[in-house]
Amino acid sequence: MTTLRNERALLWLLLLPVVGFLAVFFLVPLSQVLYFSVMDPGFTLKHYTAFITDGFYWKVLFGTFQTAAFVTVLALLMAYPLAYMVVRLGGAFATTILLIVTMSFWTSFLVRTFAWMVILGNNGPLRAAMEMLGIVPAPQLLFTRFSSTLAMVHLLIPFMVLALYSVMKKIDPNLTRAARSLGASPFDAFRRIFLPLSAPGIVNGCTLVFIMCLGFYVTPVLLGSPREQMIAGLIGQQIEEFLEFGEASATSVILLAVTLTVFALYNRFVGLDKLWG
Amino acid sequence: MRITLALALLVALFVLGPLLVVVPMSFSTANSFEFPPPGYWLGYYRSFFGDERWLTPVFNSIGIGLATMLLTMLLVIPASFAMVRQRFMGRSAINLLLMMPMIVPNIVMALGYYTYFSQLKIIHSPLGVVLAHTCLSVPVCYLIIAASLKGFDRNLERAAMNLGASPLRTFWEVTFPVLRPGFLVGGLFAFIHSFDEAVVAIFISGQAASTLPRKMFDSIRIEADPIISVVSTLLFAVVLLAVLSPLAWRAIVKARSQFRAA
């Protein structure tokens, strides 16, 4: 009996530090965001009604969704053939590609954002190339929706490749071979055997990239158009420039709600424990 | 097949190309972002290594990263033992709590910390950044350490106890040494997570405790300071070294064993 009680005590002794720490330094600040979104100073819903009635906020929210969806689809379309060839060819090709992807994965977002700043800049190589091809004057590339979208695809592609690869490498190559020997065309064998088997990787990669994109702050702020903000950039502006903590809190709660909805959907259909491998 | 390969190679180029752009930029003589560079020199490297405004954030980031690493490991390692080895009421709730910092968008936490740490008077201090980064590093550190714990063969412990070792001695002489590499990897990830974290640091580290990502963000947004290309190149070089060294090490070991055999 005492050993059982001791075991219980030990269990909570092991858990107490991290639970206490997260309660004080994570849950309290998070609840403050919820609190400030409805208290100013008394209870009010004005920050939410402002958000709902003002067309500007809807535009930001819709634009964020649109960008996130677009980045996710582009990243998938680009990452899929890459991951597929890595699994198909293997050997030195696979090692090299995975090396490049890992390198990009570990390189700071800020370093990569800076690189795009140079490439798309007014004195950058892309505009120079366009002018050489006779597109004079070359269009402004930086600080547009195009530039932030392109950079986000580049930043998030490694997540997509690794998510796809981890599922694809477990697919038995004999299955496609069997389909081929039974008379399926190479494309049919891919479409009806390989593609459905790689679906978990597609779902994982897309969920990760979409969620990271929804709350993306650094790159849209540095490279994107100031007139077409994403929601995280808007929150930043409400904090830094307008010192409107009530509005910033309401916007944050909306971003949080959207993010949690995506997670909940994923959890409902796949199970959250699968998302991180 | 051939078309897919061509497509794959194009994507690989798209992934790699931008990483390589920063290297020649750091040797450029231009004082704005111009590519290809008009000429080459090492001037901006000299400026970087003599510039307090850049070196202080570097040291801040390293210090904050190390403190975050230690604190995260102290919190996560004991909890992982409880979570992996025991079944108890509330376990899934605690699991959710441990993963939550990864689910909540960083900008939301940036706002939370901004107001909370202002009240606690630890905003713009290294302490505030360490506390925030520790919360944010818990999930990744927990995932890694819990995974290494799950892979641990408990028969090793049973054997030690069977041979008369006390539970404490078993832990120190069997369990801990076997798991140490996993713990260190978990800690390393916590360090990297803190070192690379930008959003929360941008809002709460201020001038005094400015981390490197915050300094880089400001320098891109406000100053267009060419020294950023030096910093970017150095950070890229560290990644390159870390990614390539295991490969090089394997090649050396292989070459040596072939040499022995010959």
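The values are calculated or read from the model by the stated rules, or taken from the named source; none is laboratory data. All values derive from a computational prediction rather than experimental measurement. Positions of Cβ are generated from backbone atoms using ideal geometry, with glycine treated the same way; all protein chains shown enter the neighbour counts.
Mind checking which helices (runs of 4 or more DSSP H) fall wholly inside segment A:11-103 and carry at least 3 residues that are without any contact (Cβ under 8 Å) to a residue 40 or more places away in the chain and within 14 Å of chain B (Cβ to nearest Cβ)?
Details: elements: A:28-38, A:46-53, A:55-89.
Here the list reads A:28-38, A:55-89.
Would it be correct to say that A:ALA83 is hydrophobic (A, V, I, L, M, F, W, C) and either more than 28 Å from the chain's Cα centre (by Cα) or surrounded by fewer than 12 Cβ atoms within 10 Å (Cβ to Cβ) (or both)?
It is false that A:ALA83 is hydrophobic (A, V, I, L, M, F, W, C) and either more than 28 Å from the chain's Cα centre (by Cα) or surrounded by fewer than 12 Cβ atoms within 10 Å (Cβ to Cβ) (or both).
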* **Conditions (1) at pLDDT 95 or above; (2) away from every other protein chain (no Cβ under 13 Å); (3) more than 20 Å from B:LEU75 (Cα to Cα); number of the one not met by B:GLY187** => (3)
* **Cβ-Cβ under 6 Å pairs, at least 6 apart or on other chains, segment A:106-122 side in contact (Cβ under 8 Å) with a residue 40 or more places away in the chain, far side hydroxyl-bearing (Ser, Thr, Tyr) and surrounded by 23 or more Cβ atoms within 10 Å (Cβ to Cβ)** => A:THR113/A:THR219; A:LEU120/A:SER147
* Asked: Quick check: is even one residue across segment B:77-91 crowded, with 16+ Cβ neighbours inside 10 Å, under 18 Å from the mean Cα position of the chain (by Cα), assigned to a helix (DSSP H, G or I) and on the phi < 0 side of the Ramachandran plot?
  -> yes
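Would you mind finding the one in B:PRO57, B:PRO37, B:PRO105, B:PRO24 that is in contact with a strand residue (DSSP E or B) (Cβ under 6 Å, 6 or more places away or on another chain) and of a type outside the set (A, V, I, L, M)? Step through it out loud before you land on a result.
Details: B:PRO57 fails: in contact with a strand residue (DSSP E or B) (Cβ under 6 Å, 6 or more places away or on another chain); B:PRO105 fails: in contact with a strand residue (DSSP E or B) (Cβ under 6 Å, 6 or more places away or on another chain); B:PRO24 fails: in contact with a strand residue (DSSP E or B) (Cβ under 6 Å, 6 or more places away or on another chain).
After applying the criteria, what remains is B:PRO37.
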* Would you mind listing the helices (runs of 4 or more DSSP H) fully within segment A:199-277 where at least 1 residues are small (Gly, Ala, Ser) and out of contact with any helix residue (DSSP H, G or I) (no Cβ under 6 Å at 6 or more places or on another chain)? => A:199-214, A:231-240, A:245-269
* Asked: Is there any pair linking a residue in segment B:119-131 that is surrounded by 15 or more Cβ atoms within 10 Å (Cβ to Cβ) to one that is of a type in the set (Ser, Thr, Tyr) and outside any helix (DSSP H, G or I), with Cβ under 6 Å and at least six apart or on different chains, and which?
  -> B:VAL129/B:SER205
* Asked: Which of the residues that make up segment A:175-192 are of a type outside the set (D, E, K, R) and within 16 Å of A:MET85 (Cα to Cα)?
  -> A:THR176, A:PRO186, A:PHE187, A:ALA189, A:PHE190
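Residue under question is B:PHE35, and the condition is that it be outside any helix (DSSP H, G or I) and within 25 Å of A:VAL101 (Cα to Cα); does it hold?
On the way: outside any helix (DSSP H, G or I): yes; within 25 Å of A:VAL101 (Cα to Cα): yes.
For B:PHE35, the condition - outside any helix (DSSP H, G or I) and within 25 Å of A:VAL101 (Cα to Cα) - is met.
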* Has segment A:147-165 got any residue that is more than 18 Å from A:GLY205 (Cα to Cα) and either touching a residue at least 40 places away in the same chain (Cβ under 8 Å) or of a type in the set (A, V, I, L, M, F, W, C) (or both)? -> yes
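From the list B:SER205, B:SER257, exactly one residue is at pLDDT 90 or above and of a type in the set (Gly, Ala, Ser). Which is it? Break it down into steps so the answer makes sense when it comes.
Details: B:SER257 fails: at pLDDT 90 or above.
Just one listed residue meets the conditions, B:SER205.
For every residue, the table says whether it meets (1) under 16 Å from A:ILE235 (Cα atoms); (2) at pLDDT below 95.
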residue	(1), (2)
A:PRO17	no, no
A:GLY20	no, no
A:PHE43	no, yes
A:HIS47	yes, yes
A:ALA50	yes, yes
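Wholly within segment B:129-220, which helices (runs of 4 or more DSSP H) include no fewer than the required count, namely at least 1 residues that are over 27 Å from B:ILE94 (Cα atoms), among the β-branched types (Val, Ile, Thr) and in contact with a helix residue (DSSP H, G or I) (Cβ under 7 Å, 6 or more places away or on another chain)?
Values: elements: B:155-162, B:167-170, B:176-196, B:199-204, B:212-218.
Because the criterion is at least 1 residues that are over 27 Å from B:ILE94 (Cα atoms), among the β-branched types (Val, Ile, Thr) and in contact with a helix residue (DSSP H, G or I) (Cβ under 7 Å, 6 or more places away or on another chain), the helices (runs of 4 or more DSSP H) in segment B:129-220 that meet it are B:167-170, B:199-204.
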* Does B:ARG53 count as under 27 Å from B:LEU188 (Cα atoms), more than 7 Å from chain A (Cβ to nearest Cβ) and either without any contact (Cβ under 8 Å) to a residue 12 or more places away in the chain or surrounded by fewer than 22 Cβ atoms within 10 Å (Cβ to Cβ) (or both)? -> yes
* Considering residues of segment B:212-255 that are more than 25 Å from B:ILE202 (Cβ to Cβ) and of a type in the set (D, E, K, R) only, the residue farthest from the other protein chains (Cβ to nearest Cβ) -> B:LYS254
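Determine whether segment B:15-27 contains at least one residue that is within 13 Å of chain A (Cβ to nearest Cβ), farther than 26 Å from A:ALA115 by Cα and surrounded by 15 or more Cβ atoms within 10 Å (Cβ to Cβ). Reasoning before the result, please.
Kept after step one, since they are within 13 Å of chain A (Cβ to nearest Cβ), are these residues of segment B:15-27: B:15-26.
Add one more test, that the residue is farther than 26 Å from A:ALA115 by Cα, and what stays is none.
Checked against the condition, which is being within 13 Å of chain A (Cβ to nearest Cβ), farther than 26 Å from A:ALA115 by Cα and surrounded by 15 or more Cβ atoms within 10 Å (Cβ to Cβ), segment B:15-27 yields no hits at all.
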* **Criterion violated by B:SER137 - all others in (1) away from every other protein chain (no Cβ under 11 Å); (2) more than 20 Å from A:THR259 (Cβ to Cβ) satisfied** => (2)
